[in-house]
Structures are given as C-alpha cells and as structure tokens.
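Worksheet: one structure, shown below.
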Amino acid sequence: MTDRPPTPGLQEIDAATLARWRSSGEAVLVDVRETHEYEYEHIPGALLMPLSFLDPDVFPRITEKRLVLVCEVGKRSAAAGKQLLKSGLDNVVNLIGGLDAWKKAGYETEGARFETDDYVI
C-alpha cells in the first residue's frame, strides 16, 4: 500500500485496474521518474515526463482517456497529479505503489535492466 495520505481529488488505482485499462485502451500511462530510472526499467508503453520538468501549462491536454501517473512507489506521481489537478486536468489518476506494486502484482516491465542467476545488472 502507501504510507502517505491520499491527495484530495486524485483518483488512485491498483496495478490490476491499470492492467485492465491498458488492455482496453482506456488509459495513457505517464512515467514521472527521471530518464535514467525510466531507461533502466518501466512499464511497456509508458510515456516519459519527469516530475523535475513537469509544467502543467504545457502538459498535453489528453481528455479522451485517463492519464495514469506512475513513479517508483507512488509519491512523485501523486505530487505530479496534484500539480495537474490544480491546472484543471480532471482525468488524472495515480498508480498506488507505483512500479514496485506493478512488479509485485506480476506484470511485465521493459528497459535496460538485465538479470542473471546471481545478480541484477
């Protein structure tokens, strides 16, 4: 779960809900981590928009789908969601637990991460 209080007005979903929305085309996934984190490992199909560069005034106004924000554990994506809600976007959703929760639920990731039997590179 999460150790922070929910952000008022920001809908939060679990990994299973995100998986359903992705398969039905209901969501656009936006990863708000930094570039090196995204390159290392991310959810397939996620767009990169680092929180450090997030500007709600120039953020794409996608209204026909839900904008699901993801980070490593759900804190940065909640912060990004709060910014986007304040700017007037109302279809913003946070993935509870972030990429960690996605992986724990058994869903796939992609990136430069590479595992051997003994260690992760």
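The values are calculated or read from the model by the stated rules, or taken from the named source; none is laboratory data. Computed from a predicted structure; not experimentally measured. Virtual Cβ from ideal backbone geometry, glycine too; neighbours counted across all protein chains shown.
Annotation note: Cβ proximity below 7 Å between a residue of the stretch 93-114 that is free of Cβ contacts under 8 Å to residues at least 24 places away in the same chain and a residue that is surrounded by 13 or more Cβ atoms within 10 Å (Cβ to Cβ) (sequence gap 6+ or interchain) occurs for Lys103/Thr109. Taken together, the residues in the stretch 4-57 that are crowded, with 16+ Cβ neighbours inside 10 Å, out of contact with any helix residue (DSSP H, G or I) (no Cβ under 9 Å at 6 or more places or on another chain) and not in a helix (DSSP H, G or I) amount to 1. Just checking, does the stretch 17-38 include any residue being touching a residue at least 40 places away in the same chain (Cβ under 8 Å), more than 26 Å from Gly88 (Cβ to Cβ) and among the charged types (D, E, K, R)? For the stretch 17-38, residues touching a residue at least 40 places away in the same chain (Cβ under 8 Å), more than 26 Å from Gly88 (Cβ to Cβ) and among the charged types (D, E, K, R): absent. Looking at this structure, is Lys103 surrounded by 11 or more Cβ atoms within 10 Å (Cβ to Cβ), basic (Lys, Arg) and within 14 Å of the chain's Cα centre (by Cα)? So Lys103 passes the test. Among the numbered conditions (1) at pLDDT 95 or above; (2) under 24 Å from Gly9 (Cα atoms), the only one that Asn91 does not meet is (1).
Just checking, how many residues over the stretch 58-71 are touching a residue at least 24 places away in the same chain (Cβ under 8 Å) and in a loop (DSSP other than H, G, I, E, B)?
Just the residues of the stretch 58-71 that are touching a residue at least 24 places away in the same chain (Cβ under 8 Å), to begin with: 59, 61-63, 65-71.
Retained after the next criterion (residues that are in a loop (DSSP other than H, G, I, E, B)): 59, 61-63, 65, 71.
Summing the residues that are touching a residue at least 24 places away in the same chain (Cβ under 8 Å) and in a loop (DSSP other than H, G, I, E, B) in the stretch 58-71 gives 6.
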